[in-house]
Amino acid sequence: MEHFLACHSHAFERFGAVPQKVMVDNLKSAVLKRTVGQDPVFNPKYLDFANHYGFSIRACAVRKGNEKGRVENGVGYVKKNFLSGLNLADFKLVNPAALNWLDTVANVRIHRETGKKPLDMFAEEKDSLLPLPPQPYDVATILNVRACRQFRITVDTNRYSVPAQYASQQLTLKLYPDRLCIYDQDKLIARHVRSFDRRKDFEHPDHVKPLLVQRQKARHQKIFMRFLNLCDKAEAYYRQLEQRRMNPAHHVRKIVALSEIYGTEPVARAMQDAFVFHAFSCEYIANVLEQRARKLPEPSALHLTRRQDLLDLAIQTPDMSIYNRSLTPNQEDDNENTTS
């Protein structure tokens, strides 16, 4: 339906006006039901579109191809003249090529039936057309959709993302020929270029950011809880980091990482020592742990390789007379008496 109505709108914009009457075939986008002897039942969406632009709808009679012969002939002319042999690398080039073909071939040729140029005949008939309304008609097909847990909606087997916070929620989809817009009530939350490939996934980078932030916060909270469980003074240590206008989250991550390398008890002991020296940083904790974990080499046996290094030392006999000279005469007499 959105393609059917968009083609009408593009034609009216090209003409700069609206015809008073539009003849349509009995396709479901225009006619829902035809009963012999009764008026056709028009599609409500197409009828609303016609009322917006002011034209009346005329449906062809069933199995009366002669009533739309002009249309069929026009389609055949486009196929045989414009599309025949046309080889374009990208579908986006079709419209520019078609406009060039209209301006240089189709609208300036002498028409076989009228004997006039279509461009000149349009200038004569334009005054009988209706003016365009102030605002174009919203041709979108509106659908109620639900985003899955992976914050995606599915359109024609393709998956399109919505912001992560709208996962599993009921949303409104407006489907246009070239794009799709997704709303939460009246708020536009996502816009994508419509793809006509199959089973493709289209994710807008901004839609996953809230989920990444949420996961990052959860990860930081988990690390912080591990930090608080290191020792009784962990919370006070964190307050000291904050007071010194440092980046406490950075130091917390480093200290928790050190606990995985050196163990919980050595880190807890280093944090307790930090209060004594008023040293609050992950660098201090790392330095203390490294020093305490460093193993000093054990002393080995002394190996002497030269003869003069051997322990056969010659020691001179000590002079004991120095002790006698230091004694007083009375002490010497006492010593002699004691000896006798």
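Inside the stretch 285-305, residues that are polar (S, T, N, Q) and modelled with pLDDT under 70 make up a count of 1. Restricted to helices (runs of 4 or more DSSP H) entirely inside the stretch 193-297, those with at least 1 residues that are closer than 30 Å to A167 by Cβ, out of contact with any helix residue (DSSP H, G or I) (no Cβ under 6 Å at 6 or more places or on another chain) and not assigned by TED's automatic domain parsing to the domain that holds C148 are 209-228, 248-262.
Given the stretch 58-168, what strands (runs of 3 or more DSSP E) lie entirely inside it while holding 1 or more residues that are without any contact (Cβ under 8 Å) to a residue 40 or more places away in the chain and in contact with a Lys or Arg (Cβ under 8 Å, 6 or more places away or on another chain)? Steps first, please.
Values: elements: 141-146, 152-155, 158-161.
By residue number, 141-146, 152-155.
Restricting the stretch 13-57 to residues that are in contact with a Lys or Arg (Cβ under 6 Å, 6 or more places away or on another chain) and in a strand (DSSP E or B), which is farthest from E124 (Cα to Cα)? Here the answer is V41. Scanning the stretch 164-176 for residues that are at pLDDT below 95 and either touching a His at 6+ places or on another chain (Cβ under 8 Å) or under 10 Å from T141 (Cα atoms) (or both) yields a single hit, A164.
Could you check the stretch 93-120 and list, in sequence order, the residues that are more than 52 Å from the chain's Cα centre (by Cα) and farther than 18 Å from N73 by Cα?
So in the stretch 93-120, the residues more than 52 Å from the chain's Cα centre (by Cα) come out as 109-117, 120.
Listed by number, the list holds a single entry, D120.
Within the stretch 180-190, track down each residue that is surrounded by fewer than 14 Cβ atoms within 10 Å (Cβ to Cβ) and either within 16 Å of T141 (Cα to Cα) or of a type in the set (A, V, I, L, M) (or both). Passing the criteria: Q185, D186, L188. Considered as a group, the residues in the stretch 254-293 that are crowded, with 18+ Cβ neighbours inside 10 Å and touching a Cys at 6+ places or on another chain (Cβ under 9 Å) include one that is nearest to D232 (Cα to Cα), and that residue is M271.
Within the group A6, A17, A50, which residue is more than 22 Å from G69 (Cα to Cα) and out of contact with any Phe, Trp or Tyr (no Cβ under 9 Å at 6 or more places or on another chain)? Lay out the reasoning, then the answer.
Numbers: A6 fails: out of contact with any Phe, Trp or Tyr (no Cβ under 9 Å at 6 or more places or on another chain); A50 fails: out of contact with any Phe, Trp or Tyr (no Cβ under 9 Å at 6 or more places or on another chain).
Exactly one residue qualifies, and that residue is A17.
The values are calculated or read from the model by the stated rules, or taken from the named source; none is laboratory data. Source: prediction; values computed, not measured. Neighbour counts are summed over all protein chains in view; Cβ atoms, including those assigned to glycine, are modelled from backbone coordinates with ideal geometry.
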